[in-house]
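Structure, as structure tokens:
FYI, it's all coordinate maths here, none of it is from the lab. Please read these numbers as outputs of a predicted model, since none were measured by experiment. Neighbour counts run over all protein chains shown; Cβ positions are idealised from the backbone, glycine included.
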Amino acid sequence: MDHSATTPVDSLVLDAMLPYFTEMFGNSSSLHSFGTEAAEALSTAREQVAQAIGALPEEIIFTSGGTESNNLAIRGVIPHDAGKKHIITSVIEHPAVLNTCEYIESLGHEVTYVPVDSDGVADIEMIEESIRENTVLITVMHANNEVGTIQPIKEIAQIASKHNILFHTDAVQTVGKIPVNVDELGVDMLSISSHKIHGPKGSGALYVRKGTRIDPIIYGGNHENGMRSGTENIPGIVGLGKAMFLANESLDEDSQHMMNMRDHLISQICGSIADVRLNGHPTLRLPNNVNLSFKYAEGESMLMLLDMKGIAVSTGSACSSKSLKASHVLSSLNIEDDYIHGSLRISLGKENTMEEVDYLVESLKETILKLREMSPISGQ
């Protein structure tokens, strides 16, 4: 139940990938039949990714994953010879965005970090108020990876468009879980990661709207229309394309299934365990995300006790879960200290069952009771 961290590779995805590790091993840049075979697979995958998000195939740049896609989108809008530029983002972005923005600042550029409300929704008015003459990019994630809050991307895109500013969104957590259409959202760039949708790790994509000018951050053999040099990872790209196709095909069914489990989980836990709070927006949230904070119970202890029962969850973002620092996302929501260190992120997948959810609820009850009995301040 930690699918926001990663997902198992779908068996149909693996079947699609396997030939490109063995007999169909060609380099897509080669002119002989082996290369042509690989180039055709590359083209098919590009079409699959594009179709899933309502884009054109030529608007898809294949990358190594969401982190590289975010880097390309943010760093690509600032040429090396540019004067001082300005970027706007939110305080609850993934480290792949926040750390890249910090790097941009180290080069002498400026970044405005817009706050969020107690549900994790970015302040739209402050986004518009933060715009300057030298603002070149607004980047706000589609949905938060920790608390699951879905951001008002359409409204932010309209603000960006009105001021002729590029708009990028990190859609790593939304693609394959809720409808994502680049024209309906109005975005100029959008990041995708394969391993969040039952595809392989190390494969992703950046959508770049036709006519959008960005510079590459990796130079070499002019691959991906000069935007991302390096021999393409054909097995990984084939896996991404197949995963996108499958996710799009069963999107409504899978989303409803995960939403039913999510709502049941929230109802059962909040109805049977005292001193618990739901983090993130109560309704505008990912269909598979449940982020809860428990008073008088420490997150890492809960995680380890649940792991002993065969349940995998997270204490926050998997990318920083080995850090004992409080989550920057939860801190930004102004959650009380008594709760913030007792937080769990439960992220469901399409293969989870309601029986597994009930097992989690019972296991969590036992875990919380045990930890609170051990706590010197719980009073229980």
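Brief remarks follow.
- With Cα atoms, 0 to 90° folded angle of helix 153-162 axis to the chain main axis: 40
- When you count the other C-beta atoms within 10 angstrom of each residue and take the mean per peptide, 55-67, 137-149, 238-250 line up highest first as 137-149, 238-250, 55-67.
- With θ taken as phi - 60° and the Karplus curve 6.51 cos²θ - 1.76 cosθ + 1.60 applied, the whole-hertz 3J(HN,Hα) list for the stretch 190-196 is 8, 9, 10, 10, 5, 6, 8 Hz, x standing for glycine and proline.
- Placing a pseudo-label 7 Å from each Cα along the Cα-to-Cβ vector at Arg213 and Glu249 gives an inter-label distance of 4.2 nm.
- Structure remark: mean-square fluctuation, Gaussian network model of the chain, C-alpha springs under 10 Å; the largest value among Ser194, Ser267, Ser293 belongs to Ser267.
- Between the C-alpha center of the stretch 127-157 and that of the stretch 1-78 there is a gap of 27 Å.
- Label selected from [x] 29, 54, 17, 0; [y] 28, 53, 13, 6, 1; [z] 28, 60, 12, 0, the criterion being P(r) over Cα pairs in 20 Å bins from 0, in percent as computed here: [x]
- Listed residue (Pro95, Ala274, Pro152) projecting farthest to the positive dipole end of the chain, Cβ model: Pro95
- In the stretch 11-249, Cα pairs under 8 Å separated by at least six residues give a relative contact order of 27 percent.
- Here the peptides 127-134, 358-365, 176-183 are ranked by packing, the mean other Cβ count within 10 Å, and the order with the highest first is 176-183, 358-365, 127-134.
- With contacts taken as Cα pairs under 8 Å at a separation of at least 6 residues, the stretch 251-374 carries a relative contact order of 35 percent.
- Summarising the amide proton neighbourhood of Gly65: residues at separation of 5 or more, or on other chains, whose placed amide H is nearer than 5 Å comprise Gly204, Ala205.
- For Thr112, nonlocal amide neighbours, meaning residues 5 or more places apart or on other chains whose placed amide H falls under 5 Å from its own, are Ile87, Ile88, Thr89.
- Annotation: peptides 35-42, 214-221, ranked by per-residue average of other Cβ atoms within 10 Å with the highest first, follow the order 35-42, 214-221.
- Bridging of Lys84 to aspartates and glutamates at a Cα separation below 17 Å is possible for Glu102, Glu105, Glu110, Glu133, Asp215, once same-chain residues fewer than 8 apart are set aside.
- Other residues with beta-carbon under 12 Å from the beta-carbon of Ser90 carry, at +1 per Lys or Arg and -1 per Asp or Glu, a net charge of -4.
- Compared with the dominant principal axis of the Cα atoms in the chain, helix 251-272 is inclined by about 20°.
- Residue pairs, from the table Lys162/Lys210; Lys177/Lys309; Lys196/Lys350; Lys201/Lys365; Lys210/Lys242; Lys201/Lys350, whose Cα atoms sit over 22 Å apart: Lys177/Lys309; Lys201/Lys365; Lys210/Lys242
- The H on the amide N of Glu232, modeled in the peptide plane, is under 5 Å from the matching H of Ser28, each at least 5 residues off or on a different chain.
- Put in order of Cβ neighbour count within 10 Å, fewest first, the listed residues Asp252, Asp119 become Asp252, Asp119.
- Between 0 and 90°, nearest 10: helix 299-308 axis offset from the chain longest Cα axis: 90
- Estimated vicinal HN-Hα couplings, Hz - the stretch 235-248 in sequence order (Karplus 6.51, -1.76, 1.60; Gly, Pro = x): x, x, 5, 4, x, 4, x, 5, 5, 5, 4, 5, 5, 5
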